[in-house]
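Participant: The structure follows.
The values are calculated or read from the model by the stated rules, or taken from the named source; none is laboratory data. This is a predicted model, so every value here is computed, not measured. Here the Cβ positions follow ideal geometry from the backbone for every residue, glycine too, while neighbour counts run over all protein chains shown. SASA here: full protein model, heavy atoms, side chains in, ligands and nucleic acids out. Shrake-Rupley method; radii C 1.70, N 1.55, O 1.52, S 1.80 Å.
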Amino acid sequence: MRVITGSARGRRLKELEGLETRPTTDRVKEGLFNILQCDIEGRRVLDLFAGTGQLGIECLSRGAASAVFVDRREDAARLVRENLDLTGLRDRARVARGDSLEYLRTLGETFDLVFLDPPYQAGLLEPALELLTRFDILNPYGIIVAEHPADKVLASPERPYRIRRTYRYGKIGLTVFRRDGNEENEE
């Protein structure tokens, strides 16, 4: 597992032991960052269910302003810190150990880009999406990327959020959600 491009290009990231964490495959990660390539620089990123932190680290490497990594496992939070140190990106990052859903309930900041990649069988994806949209933590034109089994169809959220597109990579699906701007307030 390596950083694809940017300031930390080619750096190998450490991985968690065991089967509880399922890192995003290289093929899916490459496709994901092709989709997002123009939406990263200068943005504030939230990597929820961070695992190894590879998605947020890739964003920081590509010029994101900052990233917050959240994972409930102590070994995962420690590994994210180690990977941030390996890549030299810790100065723009914050790691929070705790329940991702509880983190969303108590969050007092907004983001431009949110990654959701919970364990598939845990049933956490829909509740996380519901909290993200209910508390409206995305800035105007913000993006949520949800990784899920390819055969899973995610429900359309209420405005100002909408599904932009779902991509399939074998057995893995990526659904990209967009938040509309504040057009009614911009006149």
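Participant: Taking a probe of 1.4 angstrom, what is the accessible area of R2 in Å², to the nearest 10?
Facilitator: 120 Å²
Participant: Under a 5 Å amide H to amide H cut-off, with H placed in plane at 1.01 Å, what residues pair with Y161 once short-range neighbours are removed?
Facilitator: Under 5 Å from the amide H of Y161 lie the amide H atoms of D180, each far enough along the sequence or on another chain.
Participant: Need the C-alpha centroid separation for the range 30-56 versus the range 135-177, integer Å.
Facilitator: The distance from the Cα centre of the range 30-56 to that of the range 135-177 comes to 14 Å.
Participant: What percent does the relative contact order of the range 11-79 come to when contacts are Cα pairs within less than 8 Å and at least six residues apart? It would help to have the intermediate numbers written out before the result.
Facilitator: Working: 85 pairs, mean separation 23.2, N = 69.
Dividing the mean separation by the residue count of the range 11-79 yields 34 percent.
Participant: Sticking with this structure for a sec: Over the range 1-132, what relative contact order in percent results from Cα pairs under 8 Å that are six or more residues apart?
Facilitator: Contact order relative to length: 26 percent.
Participant: Sort 47-56, 101-110, 61-70, 4-13 for me by packing, meaning the mean count of neighbouring Cβ atoms within 10 Å per residue, highest on top.
Facilitator: Values: 47-56: 26.4, 101-110: 13.5, 61-70: 21.3, 4-13: 15.8.
Ranking, from highest mean packing down: 47-56, 61-70, 4-13, 101-110.
Participant: For the range 92-187, report the convex hull volume of the alpha-carbon atoms normalised per residue, in Å³, without decimals.
Facilitator: 120 Å³
Participant: Could I ask something else about it? For the range 1-99, which whole percent of the accessible surface, found with a 1.4 angstrom probe, sits on carbon and sulfur atoms?
Facilitator: Working: 2010 of 4710 Å².
Ligands and nucleic acids excluded, carbon and sulfur reach 43 percent.
Participant: Tell me the mean residue ellipticity at 222 nm calculated for the chain from its helices only (DSSP H runs of n ≥ 4, each -39500 (n - 2.57), averaged over every residue, nearest 500).
Facilitator: About -8000 deg cm²/dmol.
Participant: Can you give the Rg and Dmax of the range 17-86 based on its C-alpha atoms, in angstrom?
Facilitator: 12.0, 34
Participant: Keeping all protein chains in place and using 1.4 angstrom, which order do E74, E58, E158 fall into by accessible surface area, from largest down?
Facilitator: Numbers: E74 85, E58 0, E158 155 Å².
Output order, biggest surface exposure first: E158, E74, E58.
Participant: Also, I was wondering about something else. List, largest first, the extents of the alpha carbons of the chain along their principal axes, each in whole Å.
Facilitator: 46, 34, 31
Participant: Starting from the amide H of N139, placed 1.01 Å from N in the peptide plane, find each other amide H under 5 Å away whose residue is 5 or more places distant or on another chain.
Facilitator: The list, which skips near neighbours in sequence, is F111, D112.
Participant: For L13, enumerate residues with amide H under 5 Å from its amide H, sequence gap 5+ or separate chain, H modeled in the peptide plane.
Facilitator: The answer is R2, V3.
Participant: Output the DSSP H helices from the chain with an along-axis C-alpha extent of no less than 27 Å and a mean Kyte-Doolittle hydropathy no less than -1.0.
Facilitator: Details: long enough: none.
Going by DSSP H runs, there are no hits.
Participant: Taking each pair of different alpha-carbon atoms in the range 35-76 once, compute 1/r for the pair, average those values, and report the inverse of that mean as the Kirkwood hydrodynamic radius in Å to one decimal.
Facilitator: Value: 10.4 Å, from the Cα pair sum.
Participant: Please quote Rg/Rh for the range 53-149 to two decimal places, taking the Kirkwood radius as Rh and restricting both calculations to Cα atoms.
Facilitator: On the way: Rg = 13.1 Å, Rh = 13.9 Å.
Radius of gyration relative to Kirkwood radius: 0.94.
Participant: Here's a follow-up. Express the accessible area of the range 1-69 per residue in Å², computed with a 1.4 Å probe while the remaining protein chains stay in the model.
Facilitator: Values: 3150 Å² over 69 residues.
Each residue of the range 1-69 exposes 46 Å² on average to a 1.4 Å probe.
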